[in-house]
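Down below is the structure, laid out as structure tokens.
The values are calculated or read from the model by the stated rules, or taken from the named source; none is laboratory data. Source: prediction; values computed, not measured. So basically every Cβ, Gly included, is an ideal-geometry build from the backbone, and we count neighbours across all protein chains shown.
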Amino acid sequence: MWKLLNEIQGMQVVSLEEGRILGAVQKVFLNPSKKAVSGVLVRPSGLGRDEGWIDIKDVTKIGEDVLFISKANAYKAKAPVGRSLKDLMGIPVTSKDGKLLGSLVDVEINNQWQVVELNISEGRMIRIDPNHAVFGPDAILLKSGAEKRVRSAIKSKPGFLARLFGSEVIEEAADAIARVERTRKPEPEPKKKKKTRSKKTSAKKSSKKKK
């Protein structure tokens, strides 16, 4: 199971033991030091209830539209751990040899909830080694030569969030990041055109000489 974090946002959270729907995933959080998901913030389904936190260790299974936890008491009033994908979106991704690869759009995780791939601006992606990546407060740093592993992203089946609000939500965010990224790069100065004399001017000059 490889999942994009944007596919997890919006999923229904259900407890297996009680069969209760606790709400929907509002945000997915990453632990920057471990480069892995730390947990999810859940918006409750009923009125008058506060948002709840679920540690990733309490998640037993993740399906196409539903995230399962073992017991309802795993849903706790607790502050989130780490940084949300929403906070991370748009930060620059660069290699340690100084090459700017793009801006973060989404993150892909493996069965152990660890980050294995980054989706970056302009429809590209890059496989990473979590042991050699740095998730800093202002940038994500990858190994030197990482630009060689950048490739075009293959469009996959849209996640629950995209199906709920439309895939334009994700695409517009990616486009916005790409526009911001382009503003960082200075536009090349246009080459100055050499002035050329018109045929009429040269003809007049040649006729004056003949006179």
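Glu117 satisfies every condition listed in (1) in a strand (DSSP E or B); (2) touching a Leu at 6+ places or on another chain (Cβ under 7 Å); (3) outside the structural domain of Leu22 (by TED's automatic domain parsing) except (2). Is there a residue being polar (S, T, N, Q), surrounded by 16 or more Cβ atoms within 10 Å (Cβ to Cβ) and closer than 26 Å to Asn119 by Cα anywhere in the stretch 82-92? Looking through the stretch 82-92, at least one residue is polar (S, T, N, Q), surrounded by 16 or more Cβ atoms within 10 Å (Cβ to Cβ) and closer than 26 Å to Asn119 by Cα. Within the stretch 33-59, the set of residues being buried (at least 17 other Cβ atoms within 10 Å of the Cβ) and either assigned to a loop (DSSP other than H, G, I, E, B) or polar (S, T, N, Q) (or both) comprises Lys35, Ser38.
Working carefully through the options Gly90, Gly98, find the one that is within 19 Å of the chain's Cα centre (by Cα) and assigned to a loop (DSSP other than H, G, I, E, B).
Values: Gly98 fails: within 19 Å of the chain's Cα centre (by Cα).
Matching residue, one of Gly90, Gly98: Gly90.
If the condition is being within 19 Å of Asp138 (Cα to Cα) and of a type in the set (D, E, K, R), then the stretch 18-50 contributes Lys34, Lys35.
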